[in-house]
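The values are calculated or read from the model by the stated rules, or taken from the named source; none is laboratory data. Predicted model, so just to flag it, every value in this text is computed and none were measured. Neighbour counts run over all protein chains shown; Cβ positions are idealised from the backbone, glycine included. With ligands, DNA and RNA removed, areas are computed over all heavy atoms of the protein, side chains included. Shrake-Rupley method; radii C 1.70, N 1.55, O 1.52, S 1.80 Å.
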Amino acid sequence: MSNPTPNEIRDHIAALAAPEGGLGELMAIAEQLCRAQGTLRPTGGPRRLVLFAADHGPDAESRVSDAIHDLTSGASATAVLAKATGTELIVVDVGTWCDGLAESPRYRCRKTRSGSGDAGAGPALTADEFRAAFAAGQKEAELAHAAGVRVLAADAIGADSAVVAERVLALHEPADDPMGVFGAVGGSDVAALAGLVAKASELGLTVLAAGAPARAGAHVAERVAPGTAARVIEGKGSPDGLGALLALPALDAAAAVLARTARRHMDRPAARAKPARKVAVFTGSFDPPTTYHRKVVELLREKGFDEVIVRPSGPRCDGPEVEHAKPVHRAILTDLAFKDVPGVTVDLSDLDDATFTPHFSLDDLLGDRGELWHVVPAEFVTGGRASESAIHNKWELGLDAWATRRFVVLHPPGATPDDDDLPPKCQLLAVDGHIATADIRLRVFQHGNARPDVSEQVDEYIRRYHLFTGLTIPRETRVHLSRPRLKIVAADRSEKALRAAEPFRHLESPDPTHILVLGGDGTMLQAIRDHWRLRLPFLGLNAGTLGFLMNERLPPSLENTEIVLYRMPMMRVDAELPDGKRVQSLAFADAWVERDSGQAAWLKIDVDGHTQVPRVVGDGLLVATPAGSSAYARAMGATSVPLTAPVFTLAGSNVFRPRFWKPVALPETAHVSFTTLDFNGKRPIRGFIDGQPIGPVKSMHIRVSTVANVELGFTPEFDLSARLLRSMFPPSDPL
């Protein structure tokens, strides 16, 4: 069950075959764990304990230096207990007076300042210092999530940490600037804990806050990001994270009881039984998606289906290829057609993997979503009485599917299929307005219009890139903005960006046509990561340090402004972690691996399945899109390439072997793999996606995504060629 209510959780626990009197204290823990993870089958791991170290007060001599050394060496009781409970331990120095240690799997130095001020004489931290420590905690949550951690325990080590925490917990009504208010009495450790709790909750991790500093961090996080507390489990406090470690076995016990204990038979009124969640899966080419398809989806929702999964089909191996738009365009068109329909999920898995999932397999693949119903047209059941329907003859295991699967049969009003032709489990749905997608493609090919059989946004995209016309699809196109509506994304720590956003606020809309990004290239990368699935063009306005992806100026009205849209690819990155787990990500600029120890990395490079370089010895390797070729790739010695160039850049960092290594350009159709040659743990590597860490990896496979790309918009006076030349040939110093 997904996101059960508190009553459903309590009923589930009460129905378990438990001792007389129930589960006692374990019941409370089980309730918290179900609530935090939004499921009746929670888990106690994988898990990590993060301890933030900081000194407090004006004393310039650290009082936690010895504790840090004992923890990182594994000699402390906390380290021993962490190992015994299968908990990864990491110490993060965010504000001590002691010198930083060399980074290791157990230690990171992320100081925002050394020590904190005397809260009795002035603010302990400024708002900016508190905010910086908060960001350091957020980064730790992101690293944990990337490493597959599900339960994140947190605490602080440091003299007077508990005293500082009590001061923070006493504040319940912060002013307009909570960072300044909490910073005045808090410390770097509490700020980092708040950032970790807030980000972990956003990422869906369960947080165990067992000490006073951790509870203070959760207190701050709830006020900065309301709703955070729902994923926080509070435990009894003990110094140095011992309280969290002692609580973890109880979480394991609660998870095991919930997952493995039989349910006691209980005589309950039948009226209390909750009906199964109904899910319709709607497959097809959607080439293009039509207003008829949308009407089907809306009617399914009206008929009581809790969710409709729209799943564009990949290529079949048992028949001719019939699609006429590339998978990336079909993915965009499908997202545009259904993105504003509540209860609809667009599943692009088959397009992304270039595969066709048999209908019969969808029940196993999607069965955990609810009671699955297959949406089929009436012609699929014609001849069913004689076992001669398309389902019988064209579906894998068609005879079994006919007898056991559930179907929604679409038919025109007044043309109901014969009862004898219907499968045993079916529901009829009358829908008018069907038109073959082939007819729409032919109409567009003959210089006609796809309207009114497709939505306005779908039609606009078809015309913008000349889909179905037989013409070469351009990498760039020019448009004039007409009645633009904006989603504004500004660098939240930049007053310059926030000021630059003000002239455009009158164009903000909950139904945007464009995304306006104000800041530097980093802000643009973050905006793309967060909002690419909206399938809207991105307009950048430089209000940061670097602005290669941004315009220098934009008129505040934007009405009738001419914009050049560049269609930019994104890369799909599949990484294998040391434990064998695989994670999938998207990169807009670059993806790379680098050494994670003092030893040089040993890496193998494969291109299109063939080993091209058996061993590279150096600091790391990177693949960049044209958009990323002017960033980290350039620092590695690569040459920046135009945004429209259909190439990837392969570069290396401090490559010792092969000798005379040079960056190379590969066609964007290439599949590139980096694999570590480290077999004894001496030369570990870690991965990054657009600068965001994904943690230790064994290998990374990179290719252009078949479902994701981004449109970047520039005014005509923004000359990309000139900008590229300026980045490559900076002005000479005067003689």
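A few notes on this one:
- Annotation: of all residues in the range 48-67 being touching a residue at least 60 places away in the same chain (Cβ under 8 Å) and of a type in the set (A, V, I, L, M), the one that is nearest to G117 (Cα to Cα) is A54.
- Total residues in the range 111-134 satisfying the condition of being open to solvent by less than 20 Å² (accessible area, probe 1.4 Å), of a type in the set (A, V, I, L, M), under 26 Å from the mean Cα position of the chain (by Cα) and over 26 Å from G74 (Cα atoms): the figure is 0.
- Only listed residue being within 25 Å of the chain's Cα centre (by Cα), aliphatic (A, V, I, L, M) and modelled with pLDDT of 90 or more, chosen from V564, V655, V616, V573: V573
- Residues that are open to solvent by less than 40 Å² (accessible area, probe 1.4 Å), modelled with pLDDT of 70 or more and not aliphatic (A, V, I, L, M), drawn from the range 1-28: P4, H12
- Some residue of the range 679-690 being at pLDDT 90 or above and within 30 Å of R553 (Cα to Cα): yes
- Selection within the range 199-219 - out of contact with any strand residue (DSSP E or B) (no Cβ under 6 Å at 6 or more places or on another chain), buried (at least 24 other Cβ atoms within 10 Å of the Cβ) and in contact (Cβ under 8 Å) with a residue 60 or more places away in the chain: K199, G217
- Given (1) surrounded by fewer than 21 Cβ atoms within 10 Å (Cβ to Cβ); (2) touching a residue at least 60 places away in the same chain (Cβ under 8 Å); (3) not in a helix (DSSP H, G or I), index of the condition P512 fails: (2)
- Restricting the range 568-582 to residues that are touching a helix residue (DSSP H, G or I) at 6+ places or on another chain (Cβ under 9 Å) and of a type outside the set (A, V, I, L, M), the residue that is farthest from P642 (Cα to Cα): R572
- Qualifying positions in the range 421-477 - open to solvent by 50 Å² or more (accessible area, probe 1.4 Å), among the polar types (S, T, N, Q) and over 22 Å from H514 (Cα atoms): Q446, N449, T472
- Residue match in the range 515-528 (condition: surrounded by fewer than 19 Cβ atoms within 10 Å (Cβ to Cβ), over 16 Å from L336 (Cα atoms), in contact with a strand residue (DSSP E or B) (Cβ under 6 Å, 6 or more places away or on another chain) and at pLDDT below 90): no
- For the range 208-245, a tally of residues being modelled with pLDDT of 75 or more and more than 23 Å from D492 (Cβ to Cβ) returns 13.
- Qualifying residue in the range 643-661 (condition: in contact with a Leu (Cβ under 6 Å, 6 or more places away or on another chain), open to solvent by less than 50 Å² (accessible area, probe 1.4 Å), among the small types (G, A, S) and closer than 19 Å to I702 by Cβ): yes
- Looking across the range 584-593, the residues that are buried (at least 18 other Cβ atoms within 10 Å of the Cβ) and either farther than 16 Å from R529 by Cα or free of Cβ contacts under 8 Å to residues at least 60 places away in the same chain (or both) come down to W592, V593.
- Selection status of E379, open to solvent by 20 Å² or more (accessible area, probe 1.4 Å), of a type outside the set (V, I, T), under 30 Å from Y461 (Cβ atoms) and more than 28 Å from the chain's Cα centre (by Cα): yes
- Top-ranked residue of the range 51-69 - restricted to ones that are modelled with pLDDT of 75 or more and open to solvent by 50 Å² or more (accessible area, probe 1.4 Å), ranked as nearest to A216 (Cα to Cα): R63
- Checked against the criterion of being more than 24 Å from the chain's Cα centre (by Cα), β-branched (V, I, T), at pLDDT 85 or above and open to solvent by less than 10 Å² (accessible area, probe 1.4 Å), the candidates V151, V190 yield just one match: V190.
- Here T355 fulfils each of the conditions (1) in a helix (DSSP H, G or I); (2) touching a Pro at 6+ places or on another chain (Cβ under 9 Å); (3) surrounded by fewer than 19 Cβ atoms within 10 Å (Cβ to Cβ) apart from (1).
- Members of the range 255-280 found to be open to solvent by less than 90 Å² (accessible area, probe 1.4 Å) and either modelled with pLDDT of 75 or more or among the aromatic types (F, W, Y) (or both), listed by number: A276, K278, V279, A280
- The residues on offer are G448, G433, and the sole one that is more than 26 Å from E371 (Cβ to Cβ), free of Cβ contacts under 8 Å to residues at least 40 places away in the same chain and of a type in the set (G, A, S) is G448.
- Any hit, the range 623-633, residues being at pLDDT below 90, within 18 Å of M571 (Cα to Cα) and open to solvent by 60 Å² or more (accessible area, probe 1.4 Å): yes
- Being of a type outside the set (D, E), within 30 Å of R10 (Cα to Cα) and open to solvent by less than 50 Å² (accessible area, probe 1.4 Å) holds for only one residue in R48, R41, R108, R35, and it is R48.
- Residues in the range 391-418 that are open to solvent by 20 Å² or more (accessible area, probe 1.4 Å) and either closer than 18 Å to E298 by Cα or assigned to a helix (DSSP H, G or I) (or both): 10 in all.
- Lone unmet requirement of (1) modelled with pLDDT under 90; (2) buried (at least 16 other Cβ atoms within 10 Å of the Cβ); (3) under 27 Å from the mean Cα position of the chain (by Cα) for A337: (1)
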